[in-house]
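**Student:** The structure under discussion is supplied below as structure tokens; questions concerning it will follow.
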Amino acid sequence: MYGSTEDVERTAFRNAEKKYKLYNDNTRKKKKPRAVDLSEVIDFKSISESYHQNAELPEGISAIQSDFDSPLFCLASHPGFYFIPGALTVEEQCRWIKESLTSFPQPPNRTNHNAIYGPLQDLFAAAKDNKVLIQEEQTNNFEVEIIQNDINVPTWNFSDQSGAFSSGVTRKSVPASVLLRKLRWSTLGLQFDWSKRSYNISLPHNKIPDALCLLAERMAAPTLPLGEVFQAEAAIVNYFGLGDTLGGHVDDMEKDWSKPIISMSLACKGIFLIGGKSREVPPLAMFVRSGDVILMAGQARECFHGVPRIFTDKEHAEISSLELQFSDEEDSAFLEYIRNSRININIRQVY
């Protein structure tokens, strides 16, 4: 979570986070999610359907026509904020889900695992094959080390389960499936240094795929003056599991704030909060479903925002179209993952 919990404990934003966060009521049989009042959560899918039928919109919400199947919806209270429900086709969603799990975490791109385990190659494939990550044996009483972004970490490699007990010696090991579930972020393009909260242009990285750059350029176009083009230079991919949240924060590390941040939602439905320039401003809550895109430009770039909740139960996750697409046996690992997860790809122009 960004910032200290103590600093935001009594703010309006923190109260909203607590309101929608997943809490369990323990019963004798199993944990049961505590009921949450969702009556004040904006539902742009429902608004879009109503708008197509009778061209009516709730007070404070306007629409801009675009070349997407849905118009861009705007909030009068948040200039520069745009919501495009169902902007991505099911096929596009599946493509970027697969890329987010197989390609985007690949070295030299960095993930939250780097600080402890160093660069992990083919994490998703290792989890699919039930492999474990094993720490290398010591050599000459010195632990083998590598240098990764100026941090000394032991050398770890994926192996079959039996590798953890070779030569009768138990070695430190972690199942790849556990590491996959603990994957929280990966970075594309220019690498973001979380410890320094800045972009480090010296770090090696894989180029953002051309298809994703073109998609971002198309998404950003309605927010830019005629003739200006969005250039995707960096992206952060967030991975959410059951109970995971993204605390209220402002994305303020980019040099050029005139360009929007493009946020693409994939897999399970969640709740997104957009507040004001301080945590004291009560935020608006809205559902974000797989395929939805949020654009934050202009004044909206300065607003606190976060994700207090995702829904993984069958009734509320709303991923039936994705489940159908991933129904083939060869896609079973992707299907298993999306049933309990949400992925968010947010793309930025840094300079």
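**Student:** For segment 255-262, check the following and say yes or no: at least one residue is open to solvent by 20 Å² or more (accessible area, probe 1.4 Å), modelled with pLDDT under 95, touching an Asp or Glu at 6+ places or on another chain (Cβ under 7 Å) and assigned to a loop (DSSP other than H, G, I, E, B).
**Tutor:** No - not one qualifying residue is present in segment 255-262.
**Student:** Next up: May I ask you to verify whether residue 301 is open to solvent by less than 10 Å² (accessible area, probe 1.4 Å), in a helix (DSSP H, G or I) and basic (Lys, Arg)?
**Tutor:** Yes, satisfied.
**Student:** Check every one of the strands (runs of 3 or more DSSP E) wholly within segment 162-245 and list those with 2 or more residues that are open to solvent by 70 Å² or more (accessible area, probe 1.4 Å) and modelled with pLDDT of 90 or more.
**Tutor:** Those strands (runs of 3 or more DSSP E) do not exist here; none qualify.
**Student:** A follow-up question, please. Given the conditions (1) touching a Leu at 6+ places or on another chain (Cβ under 9 Å); (2) in a strand (DSSP E or B), which single one is not true for residue 323?
**Tutor:** Condition not satisfied by residue 323: (2).
**Student:** Among helices (runs of 4 or more DSSP H) lying entirely in segment 41-136, which contain 1 or more residues that are more than 26 Å from residue 185 (Cβ to Cβ) and of a type in the set (A, V, I, L, M, F, W, C)?
**Tutor:** 44-54
**Student:** Report, by residue number, each residue of segment 337-351 that is part of a helix (DSSP H, G or I) and among the hydroxyl-bearing types (Ser, Thr, Tyr).
**Tutor:** Result: 337, single match.
The values are calculated or read from the model by the stated rules, or taken from the named source; none is laboratory data. Since this is a predicted model, take the numbers as computed values, not measurements. We place every Cβ from the backbone using ideal geometry, glycine too, and count neighbours over all the protein chains shown. Just the protein is used for accessible areas: all its heavy atoms, side chains included, with ligands, DNA and RNA removed. Shrake-Rupley method; radii C 1.70, N 1.55, O 1.52, S 1.80 Å.
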